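S.K.: Below is one structure. I have some questions about it.
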Amino acid sequence: EHIMRDVNYGWLMRYLHSNGASMFFLAVYVHIFRGLYYGSYKEPREVLWILGVLIYLLMMATGFMGYVLPWGQMSLWGATVITNLFGAIPLVGESIATWLWGGYSVDNPTLNRFFSLHYLLPFVIVGVVGLHVWALHVPGNNNPEGVGVKSGQDTLPFHPYYTMKDGFALVLFLILYAGFVFFAPNILGHADNYIPANKLVTPTHIVPEWYLLPFYAILRAVPDKLGGVVLMFGSIFVLFLLPWLDTAKTISGRYRPLFKQFFWLFVIDCLFLGYLGAKPAEGAYITLARIGTFYYFAHFLIVLPLLSKYEKANTPPVSISEAVGKGT
């Protein structure tokens, strides 16, 4: 409240920060799904993909800790729910939870630890991003055609082509960002987080930030606490295994007709899980979350290996220039 009310333009800095996190995740999700569609995780880019998933994991940890810092009702109870998950780990779970709390429950020591990690983890992310860029330049960029550069005809000068394309995307991104900051700064948050944290009053429905909702739906889809924790972390860990689950020789989804259909089904499933994560864990919502969770894992563990083995892909072009000439 001091930043919002007493500091000059403090409200602007806070809204830029909070909505900036959401915009950052939006850009990352577009990047991830684009990589999934065009096969950017396939040989020889396995290390690049693994580093990208690691960045995503660090971002989620940083975003969650930032969500706790306002110390409203959602902050307190969100931290309570997530840190209690570690208590489900056999033998060492309770010790880990106590260590995270700095006491016997979520309190000021927890807040201090999360604040320290919230500003330290971005430096770790910057380091991993550096490795990510290095891993990109070793094998070279992927492209929508999924074929390598054969000659100078397959390339374009960075300026003006890519600067104009990226500049246009950046302008659209900033317009959307400004729309949230100046016209709907709280639309992505939860109203209960303006209520000061109170351990004696549990909110009717505890909801994390929107970018964590699909994983929250997976967590609640299983009645067993340990089972939910395993599935939630498994839903992230399976991304690390993706280069070895999808072994199809054709890289780009543009030339894989069946893969294309299942990809869009997967996108719908993720959006569906995000919707269910924002709903109460009761009645039909739990059943639907279980169906969504089943397909999430089935997509990676069943569908992709089967497509790799049996799908008849279209023949990709020999070079990028050939694809451009044909208008594909």
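Here, each number is a calculation from the coordinates, and none is a lab measurement. Everything numeric here is computed off the predicted structure, so don't read it as measured data. Using ideal geometry, Cβ is built from the backbone for each residue, glycine included, and neighbour counts are taken over all protein chains shown.
S.K.: Using a Gaussian network model of the chain with C-alpha springs under 10 Å, which one of Trp210, Trp77, Trp264 is most mobile by mean-square fluctuation?
M.R.: Highest fluctuation of the listed residues: Trp264.
S.K.: Now for a separate question. Among the lysines, which fall within straight-line cross-link reach of Lys326, defined as a Cα-Cα distance under 18 Å, with same-chain neighbours fewer than 8 residues apart omitted?
M.R.: Straight-distance partners of Lys326: Lys150.
S.K.: Determine the dipole magnitude for the chain: charges of +1 sit on the beta-carbon of Lys and Arg, -1 on that of Asp and Glu, nothing else is charged, the reference point is the Cα centre, and the result goes in debye to the nearest 20. Working shown, then result.
M.R.: Numbers: 20 positive and 17 negative charges, 128 e Å.
The dipole of the chain has a size of about 620 debye.
S.K.: Quick check on the chain: helices-only [θ] at 222 nm, where DSSP H runs of length 4 and up contribute -39,500 (n - 2.57) each and the sum goes over total residues. Nearest 500, please.
M.R.: Details: 14 runs with 207 residues, N = 328.
Mean residue ellipticity at 222 nm (helix-derived): -20500 deg cm²/dmol.
S.K.: Expressed as a whole number of Å, what is the distance separating the alpha-carbon centroids of segment 50-104 and segment 188-233?
M.R.: 11
S.K.: Let me ask something additional. Once you have the alpha carbon radius of gyration of segment 23-93, what is it after dividing by 2.2 N^0.38 Å, with N set to its residue count? Each step should come with its number before you reach the end.
M.R.: Working: Rg = 16.2 Å, N = 71, 2.2 N^0.38 = 11.1 Å.
Against the compact-globule rule of thumb, the ratio is 1.46.
S.K.: What does the charge add up to near Val30, with Lys and Arg as +1, Asp and Glu as -1, over the other residues with Cβ less than 15 Å from its Cβ? Intermediate values should be presented prior to the final figure.
M.R.: Working: positive: Arg34, Lys165; negative: Asp166.
Surrounding charge for Val30 is +1.
S.K.: Sticking with this structure for a sec: Which lysines, on any chain, are close to Lys312 with Cα under 19 Å apart, when same-chain ones fewer than 8 places away are left out?
M.R.: Lys42, Lys249, Lys260
S.K.: Of Ala197, Met23, Leu273, which is farthest towards the positive pole of the chain's charge dipole, taken about the Cα centre with +1 and -1 on the beta-carbons of Lys, Arg and Asp, Glu respectively?
M.R.: Leu273
S.K.: Among (i) 32.8; (ii) 19.6; (iii) 20.9, find the value of mean projected area of the Cα convex hull in nm² that was calculated from the structure presented, and write down its label.
M.R.: Recomputing mean projected area of the Cα convex hull in nm² here picks out (ii).
S.K.: So what is the relative contact order of segment 1-144, in percent, for Cα pairs below 8 Å that sit 6 or more residues apart? Mind dumping the intermediate values first?
M.R.: Working: 91 pairs, mean separation 39.1, N = 144.
Once normalised by length, the contact order is 27 percent.
S.K.: Moving on. Each label point is 7 Å from the Cα along the Cα-to-Cβ direction; what then is the distance between the points at Ile3 and Val30, in nm?
M.R.: Between Ile3 and Val30, the label points sit 2.6 nm apart.
S.K.: Continuing with the same structure: Considering only the other residues whose Cβ falls under 14 Å of the Cβ of Gly52, what net charge follows from Lys and Arg at +1 and Asp and Glu at -1? Don't skip to the answer; put the middle values down first.
M.R.: Values: positive: Arg34, Lys42, Arg45; negative: Glu46.
The answer is +2.
S.K.: Something else now. Please get the size of the charge dipole for segment 110-268, origin at its Cα centre, with Cβ charges of +1 on Lys and Arg and -1 on Asp and Glu, quoted in debye to the nearest 20. Present the calculation step by step, with values, prior to reporting the outcome.
M.R.: On the way: 10 positive and 7 negative charges, 45 e Å.
With Lys and Arg at +1 and Asp and Glu at -1, about 220 debye.
S.K.: Quick one: length gained pulling Ile187 to Ala61 fully straight, 0.36 nm per residue minus the C-alpha distance?
M.R.: Details: separation 126, 0.36 × 126 = 45.36 nm, distance 2.18 nm.
This chain segment gains 43.2 nm when fully extended.
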